[in-house]
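K.L.:
First the structure, which I've put down as structure tokens, then a few questions once you've had a look.
The values are calculated or read from the model by the stated rules, or taken from the named source; none is laboratory data. Since the model is a prediction, treat every value here as computed from it, not as a measurement. Here the Cβ positions follow ideal geometry from the backbone for every residue, glycine too, while neighbour counts run over all protein chains shown. Please note that ligands, DNA and RNA were not included when accessible areas were found on the heavy atoms of the full protein model with its side chains. Shrake-Rupley method; radii C 1.70, N 1.55, O 1.52, S 1.80 Å.
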Amino acid sequence: MKRLGVIVLFAVSLFLLSFNSPVFANTASIYLNGAQLSAANLSQVEIVNSKVMVPIRVVEELGYVVNWNKTDQTVKIQNNSKTVAMAINKSSAYVDDRVVSLTSPPLLKGGTSFVPLRFIGEEFGLEVNWDNGTKSVYLSSEALESTPDSLDTTSANKGLIENIQFADNRLMINMDQSVQPEIFTMSGPERIVLDLPGAALADAFTLQNMAGAGSYQINIEEEQSFVSKIRYSLFKSDPSTIRVVLDLNSKASYQLSNAAGNSEGIVLDLFDPTSPTAPVTSPDTIPDISTPPTTTTTVPVTGNRLVVIDAGHGAHDNGTTGVSGRVEKDFNLTMALKVEALLGQEPLIDVVLTRHDDTYVTRPDRAKLANDLNADAFISIHANSVLNIPTASGTETYYYSEASKPLADVMHKHLIQATRLKDRKVKYNNYEVLRRSNMPATLLEVGFLSNAEEEALLFTEDFQNRVAQGIVDAIKEYFGIN
Ligand SMILES: [Zn+2]
């Protein structure tokens, strides 16, 4: 089990190479360990000299103490081990007693103070990834996995809640081990209450959500959401029980499913009580988890399986750029073509690519192609990047719907064997191509182009052939084809 110390060290990075214009504003989503920050949700993010600048309230939501002095236009950011002091438009800053220079000093715009996220990340140990495709900032705690176990044993044998997310009327609670939830409703006002006996909040989760002392609340600002806010707290300490309360805008029915297979966590779908047999709201975005795929390794194949292979990015959208300048879109396309060639030799599998050349297909269109074809699986191929951590490395595999987790698991198993790189695990993320695909869908981050060694490796024929074969082996295992 992962346990984190009070002072957590995160690896840091930032990817921004696709920005050419010196300054522009953007609405960006910001995530910490896969969970979207609520303050950042509506935030304008400034891009200055290819650096992401965020309003100081975003830094507050990360759990740091932020002091803004309007008179002398200084901002002080603190945790319990470090103080960073900066001033508007000043290119030198203080880290405790040390003077450091900033390439992008804090700026004041429209009454909001913006601070450089990468710099703060470096100093406080947050890992920052910019995904230009989705205009999203991903803060991650990857390096936490290598920190030694905490001496704190109070939460031993508890299921640690790693994040709580709510989107499209689906609540997802990710945990490191499963617990048996108790669920009930309350009226006046309408609420759904979820008690999780034997659960505790992971330190990183507490950190990311520490908006104020003891206040844990996620405001839901989606339209057509049954939920206005989610509150959670330690309800009982013996046994440790976390209570999650969904405050409802209107009465809703729910369907609870423990995450399937070897995945720990809880999925709760809300739906209109007048159509209780139709869980899940938007059929074009959310797979119906009440009908998990019948395609397991033990089910005999009755007809050809159709797989859509998606080479990420394309044309003007390079994806990430490697240290030596090679671009992700080329790697992705090469891999997709290799997988297509191998699947062409499989009599029981049909394959369709979202792109065959250096063209751009929108993310919704990639998923739509798979949906229109009624494909049995959707596999999106990508390569990773972080700035400032040249050693960041490894392979990770993403899923969105619980129904996609078995595909992601089997894919990751084969991918790790093929890449022989660091195992960065199977992860949940709200990627658009995954969210919009109606069939089991997975997104592969094969390796890091920001790591010189890995970039070189990713463009070798031998590695690519191995990975293509691994992907094909995974598809065959998933469909039970020998
Ligand atoms: Zn990509």
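K.L.:
Just need a number here: residues in the stretch 88-105 that are out of contact with any Pro (no Cβ under 7 Å at 6 or more places or on another chain) and free of Cβ contacts under 8 Å to residues at least 40 places away in the same chain.
P.N.:
Qualifying residue count, the stretch 88-105: 11.
K.L.:
Might you check whether a residue that is out of contact with any helix residue (DSSP H, G or I) (no Cβ under 9 Å at 6 or more places or on another chain), modelled with pLDDT of 70 or more and surrounded by fewer than 20 Cβ atoms within 10 Å (Cβ to Cβ) occurs anywhere in the stretch 274-281?
P.N.:
Yes, the stretch 274-281 has at least one match.
K.L.:
Mind checking which residues of the stretch 325-376 are hydrophobic (A, V, I, L, M, F, W, C), assigned to a loop (DSSP other than H, G, I, E, B) and under 28 Å from Leu449 (Cα atoms)?
P.N.:
Val361
K.L.:
Hey, any hits in the stretch 355-363 for a residue that's open to solvent by 10 Å² or more (accessible area, probe 1.4 Å), within 13 Å of the ligand (Cβ to nearest atom), under 30 Å from Ile173 (Cβ atoms) and under 21 Å from the mean Cα position of the chain (by Cα)?
P.N.:
Yes.
K.L.:
Answer yes or no as to whether Val339 is in the same structural domain as Val386 (by TED's automatic domain parsing) and open to solvent by less than 60 Å² (accessible area, probe 1.4 Å). Quick ask: steps written out before the conclusion?
P.N.:
Details: in the same structural domain as Val386 (by TED's automatic domain parsing): yes; open to solvent by less than 60 Å² (accessible area, probe 1.4 Å): yes.
Taking the combined requirement at face value, the residue satisfies it.
K.L.:
Would you confirm whether or not the stretch 444-453 contains a residue that is within 15 Å of the ligand (Cβ to nearest atom) and of a type in the set (Val, Ile, Thr)?
P.N.:
The answer is yes, given that some residue of the stretch 444-453 is within 15 Å of the ligand (Cβ to nearest atom) and of a type in the set (Val, Ile, Thr).
K.L.:
Filter the stretch 82-111 down to the residues that are outside any strand (DSSP E or B) and open to solvent by less than 60 Å² (accessible area, probe 1.4 Å) and list them by number. If you could, list the steps in order and put the result at the bottom.
P.N.:
Here is the first cut: in the stretch 82-111, the ones outside any strand (DSSP E or B) are 82, 88-91, 96-97, 102-106, 110-111.
Passing the criteria: Lys82, Ile88, Leu102, Ser104, Pro105, Pro106.
K.L.:
For the list (1) at pLDDT 95 or above; (2) crowded, with 24+ Cβ neighbours inside 10 Å; (3) farther than 30 Å from Gly125 by Cβ, I need the number of the one condition that Leu369 fails.
P.N.:
Result: Leu369 fails condition (2) only.
K.L.:
Check the stretch 132-141 and report whether any residue there is assigned by TED's automatic domain parsing to the domain that holds Ala87, at pLDDT below 65 and closer than 26 Å to Thr83 by Cα.
P.N.:
yes
K.L.:
Given the structure, is Ile349 touching a Ser or Thr at 6+ places or on another chain (Cβ under 7 Å) and more than 12 Å from the ligand (Cβ to nearest atom)?
P.N.:
no
K.L.:
Of all residues in the stretch 372-405, which are over 30 Å from Glu123 (Cα atoms) and open to solvent by 40 Å² or more (accessible area, probe 1.4 Å)?
P.N.:
Passing the criteria: Asp372, Leu373, Asn374, Asp376.
K.L.:
Could you grab me the full set of residues in the stretch 315-324 that are outside any loop (DSSP other than H, G, I, E, B) and under 21 Å from Lys368 (Cβ atoms)?
P.N.:
Correct list: Asp317 only.
K.L.:
Now for a different question. Do we find that Arg466 is among the basic types (Lys, Arg), under 20 Å from Asn318 (Cα atoms), modelled with pLDDT of 95 or more and touching a Ser or Thr at 6+ places or on another chain (Cβ under 8 Å) in this structure?
P.N.:
Details: among the basic types (Lys, Arg): yes; under 20 Å from Asn318 (Cα atoms): no; modelled with pLDDT of 95 or more: yes; touching a Ser or Thr at 6+ places or on another chain (Cβ under 8 Å): yes.
Considered against the rule, which asks whether it is among the basic types (Lys, Arg), under 20 Å from Asn318 (Cα atoms), modelled with pLDDT of 95 or more and touching a Ser or Thr at 6+ places or on another chain (Cβ under 8 Å), Arg466 comes out as no.
K.L.:
I'd like to check something: does the stretch 385-394 contain any residue that is within 16 Å of the ligand (Cβ to nearest atom), hydroxyl-bearing (Ser, Thr, Tyr) and part of a loop (DSSP other than H, G, I, E, B)?
P.N.:
yes
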